[in-house]
1. Straight-line reach from LYS611: which lysines have Cα under 28 Å away, leaving out those fewer than 8 places along the same chain?
2. Using Cα atoms only, what is the angle between the long axis of helix 145-156 and the major principal axis of the chain, expressed in degrees (0 to 90) to the nearest 10?
3. Around LYS9, what is the net charge, scoring Lys/Arg as +1 and Asp/Glu as -1 over all other residues with Cβ under 14 Å from its Cβ?
4. Got a sec to turn the phi values of the range 126-140 into Karplus ³J(HN,Hα) couplings, 6.51 cos²θ - 1.76 cosθ + 1.60 with θ = phi - 60°, whole Hz, x for Gly and Pro?
5. Could you do me a favour and compute the accessible area per residue for the chain, 1.4 Å probe, result in Å²?
6. Taking K and R as +1 and D and E as -1, what net charge do the other residues with C-beta under 9 Å from the C-beta of ARG574 add up to?
7. Could you grab the Rg to Rh ratio for the range 457-497? Cα atoms only, Kirkwood for Rh.
8. Using a ≥ b ≥ c from the Cα gyration tensor of the range 210-315 (square roots of the eigenvalues), is it rounded, prolate or oblate, where a/c under 1.5 gives rounded and otherwise the larger of a/b and b/c decides, a/b for prolate?
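The values are calculated or read from the model by the stated rules, or taken from the named source; none is laboratory data. Everything quoted here is computed from the prediction, not taken from an experiment. Please note: Cβ atoms are built from the backbone with ideal geometry, for glycine as well, and neighbour counts cover all protein chains shown. With ligands, DNA and RNA removed, areas are computed over all heavy atoms of the protein, side chains included. Shrake-Rupley method; radii C 1.70, N 1.55, O 1.52, S 1.80 Å.
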Amino acid sequence: MPVLNWIGKDSVVTYHSKVPFRTLSLTYGYTAEHRREEGLSSESGNMIVYGDNLLSLKALLPRLEGQVKCIYNDPPYNTGEKWTYADDCNDPRTRDWINKVVGKQGEDLSRHDKWLCMMYPRLVLMRRMLRPDGVIFISCDDNEQASLRLMMNEIFGEDCFVSNVIWQKTYSPRNDKDGIPTATDHIVAYSRRPHWNPFRLERTEGMNARYGNPDNDIDYWASGDACAADAVAHQGMVYAIQHPFTGELLYPYVQSHWRLEQNDILNIMNGWCEYELRDLNDAEERARICGITADEVRSNVMGIVLKNDIETSRNKALAIYERGQWPILYFTDGGKGGMRKKTYLGNVEGRLITNLWPFSEVDSTDGAKKELREIFEGAVPFDTPKPTLLIDRILDIAVEPGDIVMDCFAGSGTTAHSVLKANAADGGDRKFVLLEQDEEIVKTTQTRVQRSISGYKFTGNKTERLYEKKLNANTLKRINEYYDDAKKKYEEAKASGNYNDVHQPTVKDNNLVVEAEKFYDGHRDGLGGAFDMMELSVPLFVEGTHYLNEEVGETELRRYVYYTETHLPLTQMRSEDYPYWLDDNQGTGYYFYYEPNSLTTFSRETLYILKGRMPNGIVVYADICEFADEELQAMGITFRQIPRDIRKF
């Protein structure tokens, strides 16, 4: 596999393990009901974290390693505008880069090296955040797409490459640009493990338009081919079927075979009239279809023929045709044509995603700025926002209710907005974790998320969807019932007087909908939800030593110690009966016998802190141990000294 090299690479490959572990502190919790409450958690699981995103990622490992389903990143595009290299890797080759704005192409010959040095350690930690079935999407342009692919191959593995999505970001390319104007960006996707597959999208109206129900069957269906290719390999499925209306012997077309097994076809044909198997001595015809000689064709393959005379059979078949609900193999042209196979809509999966995402489906950069103008009363406080529809598409193909979504370059907060929107639409409980390190940008992030939750000032007309029902194979069976519901919603909205105009029920984007125009005179309703505002706090260890920082607090220490032992988040609350108990994992129990500003001694007098023996032993952290090694071994206890044996990572 080709490997990319750049200035400073050997320093940043392990840099994530050298930066100090810092804790997170809660600034405030925000809920739709109570708005901002200083120092009180919203208990929502949603977070915005302010601080260097490399340090923030490391601080989140004890909470989120292996828990995140999807990461979306919109890092600096390295166009020479507004990003500063800030990582001090203690490398003389990169020391002059620190806290300096990265220049443009031609002005800064190390600009690509700086971008790669910045991204590499962060991507290493992001990979650790992902679940085994997780996936990461990274937006970029042509400046770094090639380098990003090579770096991602190295960190994630070439076999974990998912796609290079092409997003049509504009519908009006600039005409003042030299060369070929750019109308697209890249979204590079990699999975945590190979062979990741996206969820399918909802089918479009156009895709479903070819499905009908002319025979009043139990489901909508489309006409499909009754034959499949490769007759030679399926000679037992090459034979004649007698037409119930004309008596003609129907064979598969050349080089093809019947799609279904013979016993299944016999049962289906008996749905028209009575059939039986019969040897037709037709080896030459079957050989012609297979493209081989009569001597080579499989012997003893019987045909499916009418059991009764043609007139009796035709009358029975005609009665079935006029009754409706024809068998799955049916005949075209009023029963006189060829044989086709029904494909029921209920058996058809959703729409496959491709790597071309046009603005007509996922919006554009112009649409993203329009969203910000609405939320920020005409202002656009962030230069390069992404539209919510773009992130909606990523959530649609990668995320389910209950999953965690992370954005390590939060910017204008589109990812959080999209998660809140998805939850409001289906009642799901997806979580978002946003990281932002710029002091001014994080104000925009917070404000947008707050207004998305609680609503915002707005004057003007908006189209609102009052009723929505996805149309698929199952819902189409009850379309009359759903149409009545939609009509009722239409009439209620009409009578309420709350809307300027209410539209009759109609179908849009494969949904039965009722929409209305509403004039807002001052306020637009929010989506609901909540989040905690967090920021980087003090290091866990006193700088340059292995001593614990007493400012950290016992809760963070307990979480850190349990994580270093198990690589799992600590979910147990502190017990009143056993306050030093952390939790058990795979039959091993863990204790953190710690008291701030005093030493703890694990001895016979303090054995009461233990709940009892565990199948795979017990790990006890304390400052001092009075037991001999032989005694600990006999009790199934491993002792670790505070702070010496608390591992750094």
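1. Within the straight-line limit of under 28 Å, LYS611 reaches these lysines: LYS648.
2. 80
3. Result for the neighbourhood of LYS9: -3.
4. Whole-Hz 3J(HN,Hα) from phi for the range 126-140: 4, 4, 5, 6, 6, 5, x, 9, x, 8, 10, 10, 10, 7, 7.
5. Per-residue value: 48 Å².
6. Result for the local shell: -1.
7. Ratio of gyration radius to Kirkwood radius for the range 457-497: 1.13.
8. oblate
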